[in-house]
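Please treat every number below as a calculation from the coordinates, not as lab data. This is a predicted model, so every value here is computed, not measured. FYI the Cβ positions are ideal-geometry reconstructions off the backbone, even for glycines, and counts take in every protein chain you see.
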Amino acid sequence: MRVSNRKRVLVTGGAGFLGSHLCERLLLDGCDVLCVDNFYSGTKDNVTHLIGNPHFELMRHDVTFPLYIEVDEIYNLACPASPIHYQWDPVQTTKTSVHGAINMLGLAKRTKAKILQASTSEVYGDPEVHPQQESYWGHVNPIGIRSCYDEGKRCAETLFFDYRRQHDLGIKVVRIFNTYGPRMHPNDGRVVSNFIVQALRGENITIYGDGSQTRSFCYVDDLIEGFVRMMATSHEITGPFNMGNPVEFTIKGLAETVLNLVGGPSKLVFKPLPQDDPKQRQPDISLVRAKLGWEPKIPLEEGLDQTVNYFRRFLGI
Ligand code: NAD
Ligand code: UDP
Ligand code: UDP
């Protein structure tokens, strides 16, 4: 028996960077939110401000183990996202993606819940086509140090589509491109957090290579809006859809923008380019634009400003 009309929504990886923003948004939308996390790369600090809200529940649980609860919707975000985190225990990373997907799909099957998978641009590997469309099958090394993440996410997509074909599940697959914002990890080596933290501490800003490589950065609020719209689509819509910002910036341009925003004595310094560092990464979002009417709205400077404010508070600077 149900005594409440509120939608019961499970967010796995809810104490992480993206998950914590999603939990906030779902509470604002009037949902009952269950945040499940094993705190591998996320932290309770990301959701402490939600504890006490009667519609929010936090549960320590590892998605590689079964979970029997009653839900209407599942957002499956559990998985470390930064190379430093996912390479620290690569076997666990693959287990999280693969066993985690099986358990969450089993849960969705039993409860007839809709289920959204946070997939990644990394399913395209080191792409040979630019920008990447969803129809591109990718160029992925199956035995390298990034494979635990890339192949784990690819296998999770396979499982989603097989549960769809075999059991007609309401699946939604989103391939996320570089996203940034408050609650990124300060030490995960990603370019946006590195540059902001370096600038705030007055340290040199480390550009790898000559800084002419390009990336496109999506602000977290834009991405979360995309997730919610995707979940609301009808049964026929499964994705996979790319979600990210198609506007490209050079890494040197990003460093200059961050320095302008933060001010201070930092200088730009150039370091060797890591091996296999892609020259360009840019999503083609025409499909999601057409199907969901979604595109990022928040300009880089505005999103960076919010992120700088967060790190200022976080670092006490
Ligand atoms: P994050 O590391 O901040 O969040 C992942 C969360 O999952 C963490 O809170 C972590 O503790 C939790 N987790 C890991 N293994 C788990 C397990 N076995 N059981 C339960 N919880 C577990 O990373 P994020 O940036 O918030 O990424 C969220 C999702 O989005 C990930 O699936 C990631 O692959 C995907 N993604 C993110 C980006 C991005 O730019 N941030 C890009 C592509 C894909
Ligand atoms: N599962 C779960 N919660 C549920 C239902 C299933 O965690 O509410 C797990 C279950 O442990 C199983 C997996 O999901 O290992 C896949 O379930 P499915 O029903 O698809 O497969 P089966 O149980 O037949 O292996
Ligand atoms: N990068 C950089 N300085 C840093 C961290 C990263 O110049 O301190 C570069 C990195 O070499 C890459 C780009 O910024 O070209 C984006 O790196 P990130 O690890 O954030 O994301 P990804 O390479 O996965 O897109």
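Key figures for this structure:
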read-out: Ascending count of other beta-carbon atoms within 10 Å, so fewest first, for F65, F160; value: F65, F160
read-out: Region 36-48 - phi-based ³J(HN,Hα) in whole Hz, Karplus 6.51/-1.76/1.60, Gly and Pro as x; value: 10, 7, 9, 6, 5, 10, x, 9, 4, 4, 5, 10, 4
read-out: Phi to ³J(HN,Hα) by Karplus 6.51 cos²θ - 1.76 cosθ + 1.60 over region 141-158, Hz, x for Gly, Pro; value: 7, x, 10, x, 6, 8, 5, 4, 7, 4, 6, x, 5, 5, 5, 4, 4, 4
read-out: Between helix 17-28 and the chain: long-axis angle, C-alpha atoms, 0 to 90°, nearest 10; value: 50 degrees
read-out: Relative contact order computed over the chain (Cα-Cα under 8 Å; 6+ residues apart), in percent; value: 16 percent
read-out: Dipole magnitude of region 208-266, debye to nearest 20 (Cβ charges: Lys/Arg +1, Asp/Glu -1, about Cα centre); value: 100 debye
read-out: For N141, distant residues with modelled amide H under 5 Å away; value: D126
read-out: Square roots of five times the Cα gyration tensor eigenvalues for the chain, Å; value: 31, 23, 18
read-out: For Y208, residues with placed amide H under 5 Å, excluding near neighbours; value: K271
read-out: 5 angstrom amide H check on K7, placed H, neighbours 5+ away; value: D32
read-out: Unit charges on C-beta of K, R, D, E only; dipole of the chain, Debye; value: 500 debye
read-out: Alpha-carbon centroids, region 89-142 and region 271-317: separation in whole Å; value: 20 Å
read-out: Cα-based radius of gyration of region 168-317 once divided by 2.2 N^0.38 Å, which approximates compact folds; value: 1.14
read-out: Per-residue ³J(HN,Hα) for region 113-119, Karplus 6.51 cos²θ - 1.76 cosθ + 1.60, θ = phi - 60°, Hz, x for Gly and Pro; value: 7, 6, 9, 10, 9, 7, 8
read-out: Between helix 90-111 and the chain: long-axis angle, C-alpha atoms, 0 to 90°, nearest 10; value: 30 degrees
